[in-house]
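Nothing in this text is a laboratory measurement; each read-out follows from the coordinates by a stated rule. In this text, all values refer to a predicted model and were calculated from it rather than measured experimentally. When we count neighbours, we look across all protein chains shown, and the Cβ atoms used for this are built from the backbone with ideal geometry, even at glycine.
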Amino acid sequence: MSKLRSQIDVRLEFPALAQEVSGRPLAYLDSAASTQKPNAVLAAMERFYREDNANVHRGVHTLSQRATDAFEAARRTVARFVNAQSEREVVFTKGCTEAINLVAASWGGANLGPGDRVLVSHMEHHADIVPWQLIAQRTGATVEPFPITDSGEVDLASLEAMLAAGRVKLVGVKHVCNALGTVNPVAEIARLAHAHGALVLADGAQALAHVPVDVQALGVDFYAMSAHKVYGPMGVGALYGRAELLEAMPPYQGGGDMIRTVSFEGTTFNDPPNRFEPGTPNVAGAIGFGAALDWVRAVGLGAIAAHESALTAYSSSRLAEVPGLRVVGTAPERIGVFSFVMDAAHPHDVGTVLDRHGVAVRTGHHCCMPLMRRLGVPATTRISLAAYSNEADVDAAVEALHGVRALFT
Amino acid sequence: MSKLRSQIDVRLEFPALAQEVSGRPLAYLDSAASTQKPNAVLAAMERFYREDNANVHRGVHTLSQRATDAFEAARRTVARFVNAQSEREVVFTKGCTEAINLVAASWGGANLGPGDRVLVSHMEHHADIVPWQLIAQRTGATVEPFPITDSGEVDLASLEAMLAAGRVKLVGVKHVCNALGTVNPVAEIARLAHAHGALVLADGAQALAHVPVDVQALGVDFYAMSAHKVYGPMGVGALYGRAELLEAMPPYQGGGDMIRTVSFEGTTFNDPPNRFEPGTPNVAGAIGFGAALDWVRAVGLGAIAAHESALTAYSSSRLAEVPGLRVVGTAPERIGVFSFVMDAAHPHDVGTVLDRHGVAVRTGHHCCMPLMRRLGVPATTRISLAAYSNEADVDAAVEALHGVRALFT
Amino acid sequence: MRKESSRMDLQDLYQQTLLDHGKRPRNFGPLPEATHRAEGYNPMCGDEVRLALLVEGDVVREARFEGCGCAISQASASMMTQAVKGQTVVHARELFDRFHAVVVRGEDEASDDDLGPLDCLTGVRQYPNRIKCATLAWHALKDALEGERA
Amino acid sequence: MRKESSRMDLQDLYQQTLLDHGKRPRNFGPLPEATHRAEGYNPMCGDEVRLALLVEGDVVREARFEGCGCAISQASASMMTQAVKGQTVVHARELFDRFHAVVVRGEDEASDDDLGPLDCLTGVRQYPNRIKCATLAWHALKDALEGERA
Ligand SMILES: Cc1ncc(COP(=O)(O)O)c(C=O)c1O
Ligand SMILES: Cc1ncc(COP(=O)(O)O)c(C=O)c1O
């Protein structure tokens, strides 16, 4: 089967792509916001609801056992996908944002004090900044940005100097930048941080679908994930945490399943990961997450990355054809994400015009206001690719960008 | 159309019910743990993923606009279902447990101090107790149980005396008890609490599917909900909060969409409900929640309640036939939930035997350890009914219970 | 397979007058002698309008704005300042109400007196996610008039 | 439409010996002179086993338990105490390993020396959600032997 042929097949597995928008075939170039879902993922969730639906962990009956088995199998799938040592290191959450908030509230609440420092890169997502600001407010710690270069890469020398200044308890960094596409040197950052006694939380929201993730090789202490960014459903994600760290962390939220015994005199708590999963989990969501990772594995992350890399090169050269268009973020290590500004029009107007050409892109600050300010742009238009993206999508975008120029100049 | 006929039709809408377990037709009597989902709910979510899937709020493109419209329509559906004054009083959460944790962390964190008291009933769910214990630990407040009677009803006189003793900031109570089926006099509790300057949080997890909920008539300040207990999907729920309370509450978690501006010098926050919804929400889940409430409305909550009430009476008399079986919780105001103990066998063994008769029930403490201790039982077996339950389900359970006696005596 | 309306109506949104105001906004700049000020900010897209009014007696003598954003938000601010300059405060408030009714609530502008040159902003009604761009400056106007004197 | 195995195998789980031990547990009661103690608790169902051992030299002289729970957890505790009483500590540990191997890891008991009277506890293997009931007392045994002298 030729490469092109298999690419066509992959695309057919995504029902949402087979539609017209504004009278044109949809060119969905907003995968960094949320990926489309393949039939395999939808079918796995549908099957669960039609055959096995029940609450988990608490039931002696067959459906509950099946639901529990499927839920725990999904946990093992996530653990294996990121090469955790054990599935007990995987906590299911609502998404990547909740995973980071969990660490900030539980680990941060117990381990940060006045004068302690949390460093996050200047290109971080709001989800990597604000949870730490909130806990810092409560604990007296500070949250400081470590610098990035004009090309959109972390400045390791500055990071090291900031670490050397002392009292850094944790370094937070995106594995892959949603706004620029930069793949950050997480292993190197972890090495530096650990050398100075700080932990590392990597935000893997944009990584999982595009680059191999091995939490042990990266050497990270925490790794946050969202299913909906890797062909899975919304409303579910996961936190990887090193076993001994999770072990020592106090509860994050209270409720059923996270307890051992409850009384008004004193409540005791369950072991991880249950300690951090109060209440009914999103069982169908976890199953969909597992099915999504199975799908990626079956298609092959290597094949996907190769496809995306070729399409990234193609996009690069096609975008260069559009006069007055400037891509921001030019790190050599990057995935298929292009943030750009145009002389002719504001990103918001670009987005509207593109939509009327059937091209879906994101415009704005991409939840990275400090990065936008750092790069001196109020906002950008962003094109982001996935396994199902193809040259026709990019062509449609480029044609529409010419339309923008025609309309506004 | 006769009543029976329409009941048969309702049942046919639930695909998971049409299966055999242990060679018998499944008798699903564990709806209080999680209800089954009608086709309409599954179809609404499937349709979203197949046609409109995109992230919300942040996009200028058509799919994102459709997703946002559907998400906000679901919010209005929830608001109308519980008669909130405005949809801005409805915050989407992961579930009922998260809704309560949100109030405890945000409102509690800002409003509780040393010596302040939170009262929750002795029959509360762990989700209504532990979040308050966690925040009490941080703030120096105390969490105290207010008593219940032997029949499983709240003791209003004692509650009033405890309120009169002063410094009560909030009263937490389940609208309907998941373990006993008791419908608590929430409006009366709210009246008492407000007279003493305390707020009221009602846990509506078990109410929404069975009794009419009008947050304004109940006079509650907060109302917590789970979609999966009312024919909706897992991984989504909602918090109703009075507008002026939500307005004044600090953020709960940090991330995208909950902010106005982010910078390392200082971050400002969005208005409710967005302030409390960081990150990508469970859009498909919210849509499924809305579809579930639409389904309840279409079938008619009155018709459902009448059906369940008749079946509750039937179950009562059939269970009375089983020698050595004692139902705990005999409040006159109750829904179709039966917790019982048997002389012959421990609940856990009862559950296993019933499962082998195709009957799905819950056994254990039902996340109500303090209640179990209060009633002097280590655990119970629980049968719980829903709109799709029928006499055959109850008959199968009673036959299996006779089987338990035969096996163990 | 879903079909959406074509993109013919882009011209309805980006009419020549609007594009012109977007590119060369009128009344853009500081107004140190302002008596009323307000800011509008759209966190979704980062559009910003800082409005300054000089009100003498009942009359809006001068209106200027600064800020940045898309063509629609800038054009809307530009045209709004033109529309209120020299008008009474009462009339400016009426203008806000009318604009709001037409653009947000979708009331038919023909039923009332028309919006005159502001008409070209009503194309935004077909673009729900752009309505806030068009109303940003108008909300700043309302806030400025309701606020304390600067 | 899914089919599950029938309920014929209930008899495999609830064998007469097990039911008998469940109803009239042996070695039930306090052991004030115990040298080793441990508790087992299953938060899922509330089963509780408090185990007390009197170890003299290398030998488990006495083993008693208290607690409450389902037939399986109580019978398992009862039979476990019978099995270890009078045995060496080393043998008690081996028994734990063998029981664990058979019941949890599902190894075929025939491949090794058989479990003797404990055999009737192996029916639980068909009931994944009941395995913890059967192993509760055994984990308490392991903990007690590993723990400090009381
Ligand atoms: C009364 C009550 N409150 C709270 C909850 C927790 O709901 P969830 O697990 O959906 O968060 C439940 C269900 O387990 C319940 O029955
Ligand atoms: C880098 C990064 N981190 C965190 C998030 C937040 O993920 P979610 O919204 O799924 O919680 C996103 C997506 O918006 C992201 O791109």
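Of note:
- Positive-pole candidate from B:123, B:204, B:82, dipole of segment B:53-207, charges at beta carbon: B:82
- Rotationally averaged projected area of segment A:205-360 (alpha carbon convex hull; nm²): 13.4 nm²
- The alpha-carbon positions of chain B define a convex hull whose volume is 142 Å³ per residue.
- Expressed as a whole percent, the proportion of Cα-Cα pairs in segment B:134-279 lying more than 27 Å apart is 32%.
- Residue mean of other protein chain beta carbons inside 10 Å, A:353-365: 6
- Positive-pole candidate from A:379, A:177, A:331, dipole of chain A, charges at beta carbon: A:379
- Whichever lysines have a C-alpha closer than 27 Å to that of residue D:23, once near sequence neighbours (fewer than 8 apart) are set aside: D:85, D:132, D:142
- With contacts taken as Cα pairs under 8 Å at a separation of at least 6 residues, chain A carries a relative contact order of 23 percent.
- Comparing B:384, B:263, B:317 in a Gaussian network model of chain B, where Cα atoms under 10 Å apart are tied by springs, the biggest mean-square fluctuation is seen for B:263.
- Phi-based couplings in Hz for segment B:99-104 (Karplus 6.51, -1.76, 1.60; Gly and Pro marked x): 4, 5, 4, 4, 5, 4
- Lys/Arg +1, Asp/Glu -1 at C-beta; chain C dipole; positive extreme among C:122, C:87, C:46: C:46
- Translational diffusion of segment B:47-204, µm² s⁻¹ [Kirkwood Rh, Cα pairs; Stokes-Einstein; 20 °C; 1.002 mPa s]: 123 µm²/s
- Inter-label distance, nm, simple model (7 Å from Cα along the C-beta direction), residue A:409/residue B:217: 6.4 nm
- CD proxy at 222 nm, helix term only [per DSSP H run n ≥ 4: -39500 (n - 2.57); per residue of chain A; nearest 500]: -12000 deg cm²/dmol
- Cα Rg, Dmax (largest Cα-Cα span) when computed across the protein assembly as shown, Å: 31.4, 105
- Note that segment A:205-267, at 20 °C in a medium of 1.002 mPa s, gets a Stokes-Einstein diffusion coefficient of 150 µm²/s from its Kirkwood radius over C-alpha pairs.
- Number of Lys pairs (Cα under 19 Å; 8 or more positions apart or on different chains) in chain B: 5
- Enclosing the Cα atoms of segment B:286-409 in their convex hull gives a volume equal to 124 cubic angstrom per residue.
- Mean residue ellipticity, 222 nm, helices only, chain C: the sum of -39500 (n - 2.57) across DSSP H runs of n ≥ 4, divided by residue count and rounded to 500, is -11500 deg cm²/dmol.
- More than 18 Å apart - percent of Cα-Cα pairs taken over segment D:2-146: 53 percent
- Distances in nm from residue B:406 to the matching label points in the other copies, shortest first (labels 7 Å along Cα to Cβ): 8.1
- For segment B:338-409, the extents of the C-alpha atoms along the principal axes are 34, 33, 14 Å, listed from largest to smallest.
- Average beta carbon contacts from partner chains per residue of B:116-125, 10 Å cutoff: 1
- With coordinates expressed along the principal axes, the C-alpha atoms belonging to segment A:118-172 extend over 34, 25, 11 Å, beginning with the largest.
- With a 10 Å cut-off around each Cβ of A:24-35, the average count of Cβ atoms from other chains is 4.
- Listed residues A:206, A:216, A:36, most fluctuating in chain A (Gaussian network, C-alpha, under 10 Å): A:216
- Kyte-Doolittle at least -0.5, axis length at least 18 Å by Cα - qualifying DSSP helices, chain D: D:71-84, D:89-103, D:131-146
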